[in-house]
Amino acid sequence: MATLHIKNLHVSVAGKEILKGVTLDVFEGRTTALVGPNGHGKSTLLLALMGHPNYVVTEGEVFLDDQDVLTLSVDQRSKLGLFLAMQYPSEIPGVNSADFLKAALNARREKPMSLFQFYSKMQTAYKEMGIPFEMSTRNLNEGFSGGEKKRNEILQLKLLEPRIALLDEIDSGLDVDAIQVVSAAIREEQQKGRGFLVVSHYARLYDLISPDDVAVMINGRIAVTGGPELVKKIDTQGYEWIKTELGIAIEKEESVGSIGVCATREALGK
Ligand SMILES: Nc1ncnc2c1ncn2[C@@H]1O[C@H](COP(=O)(O)OP(=O)(O)OP(=O)(O)O)[C@@H](O)[C@H]1O
Ligand SMILES: [Mg+2]
């Protein structure tokens, strides 16, 4: 089982340092929840790990076992077994969904998959994700609803079979039925031994996918790590205890309507 080692990672975006020394291990076969207030660098970490060109690594290292991830291009990282489901999946006009999936699958094989094999694999994945198969003829994410985009990210995960999947707010915009479909798909992939780093603001998702480890990102660093009890603590108490117990001042707090909402409500006396 592989481990993604992130050590002292510093990342700048548009000339501003956002990640200020992130150290975290993510394990194949385990699920790590990544939580933290808005704007503290969770998406930045995931995008930098996948190699987004706007997220510039200025210091630190990322290894998947003994492979230096930071020297690899985005497609090499994907072939190595990393996968990112984005917080805001991009619409790609002119790229048909089925063609995209076929190209992505074949790029990681020596011999292209037969059309029959590809279609039956694709059909099964669409069915399991509750996405009408006709959507495979549409351009990738173009005009998809918020929930359709999120389901489509997990559909790609199912087909690409990564070793470690990074999921950024996969539950945002999903209706109550869709969250069940998506979390069932994640549970199935967990059982196949995939590793996950899952960002969410909602304890409800974590209740459904039972993370093994929890990391809290504050001010561009991992302030504390622990087990699932950390999600419960944040859900009921918010992030304030980080300041009182650990002495880490939270640079800005905009987190409302998310993990911590109970504590926020309490503070407001509602
Ligand atoms: N392309 C960019 N240009 C300028 N600033 C950026 C860019 N991308 C991210 N940032 C800034 O970096 C900081 C961290 O953003 P990031 O998206 O990583 O936060 P997050 O922890 O994922 O927040 P949320 O929970 O709201 O999704 C924010 O202040 C954000 O405005
Ligand atoms: Mg984010």
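The values are calculated or read from the model by the stated rules, or taken from the named source; none is laboratory data. From a predicted model like this one, the values you see are computed outputs, not experimental measurements. Cβ coordinates were reconstructed from backbone atoms using ideal geometry, including for glycine residues, and neighbour counts include every protein chain displayed.
Couple of notes before you dig in:
- Residue under evaluation residue 185, criteria (1) more than 29 Å from residue 35 (Cα to Cα); (2) in contact (Cβ under 8 Å) with a residue 40 or more places away in the chain, criterion not met: (1)
- Test: residue in the stretch 40-57 that is in a loop (DSSP other than H, G, I, E, B), within 11 Å of ligand 2 (Cβ to nearest atom) and either over 30 Å from residue 234 (Cα atoms) or modelled with pLDDT of 95 or more (or both): yes
- Test: residue in the stretch 87-110 that is touching a residue at least 12 places away in the same chain (Cβ under 8 Å), within 11 Å of ligand 1 (Cβ to nearest atom) and not aromatic (Phe, Trp, Tyr): yes
- Residues located in the stretch 25-39, provided they are more than 12 Å from ligand 2 (Cβ to nearest atom), of a type outside the set (Gly, Ala, Ser) and in contact with a helix residue (DSSP H, G or I) (Cβ under 8 Å, 6 or more places away or on another chain): 31
- Test result for residue 5, within 16 Å of ligand 2 (Cβ to nearest atom), surrounded by fewer than 20 Cβ atoms within 10 Å (Cβ to Cβ) and within 18 Å of the chain's Cα centre (by Cα): no
- Of residues in the stretch 137-165 being basic (Lys, Arg) and either free of Cβ contacts under 8 Å to residues at least 40 places away in the same chain or away from ligand 1 (no atom under 16 Å from the Cβ) (or both), the one surrounded by the fewest Cβ atoms within 10 Å (Cβ to Cβ): 138
- Residue in the stretch 48-66 that is out of contact with any Gly (no Cβ under 7 Å at 6 or more places or on another chain), of a type in the set (D, E, K, R) and within 17 Å of residue 219 (Cα to Cα) present: yes
- If only residues of the stretch 23-67 that are within 11 Å of ligand 1 (Cβ to nearest atom) and of a type in the set (A, V, I, L, M) are counted, the one that is surrounded by the fewest Cβ atoms within 10 Å (Cβ to Cβ) is 56.
- Qualifying residue in the stretch 113-131 (condition: in a helix (DSSP H, G or I), under 23 Å from residue 211 (Cα atoms) and away from ligand 1 (no atom under 16 Å from the Cβ)): yes
- Filtering the stretch 87-112 to residues that are in a helix (DSSP H, G or I) and crowded, with 16+ Cβ neighbours inside 10 Å leaves 97, 98, 100, 101, 102, 105.
- In the stretch 70-79, the condition of being within 20 Å of residue 156 (Cα to Cα), touching a residue at least 60 places away in the same chain (Cβ under 8 Å) and outside any strand (DSSP E or B) is met by at least one residue.
- Residues in the stretch 138-165 that are touching a Ser or Thr at 6+ places or on another chain (Cβ under 8 Å) and either among the charged types (D, E, K, R) or assigned to a loop (DSSP other than H, G, I, E, B) (or both): 138, 140, 141, 150, 162.
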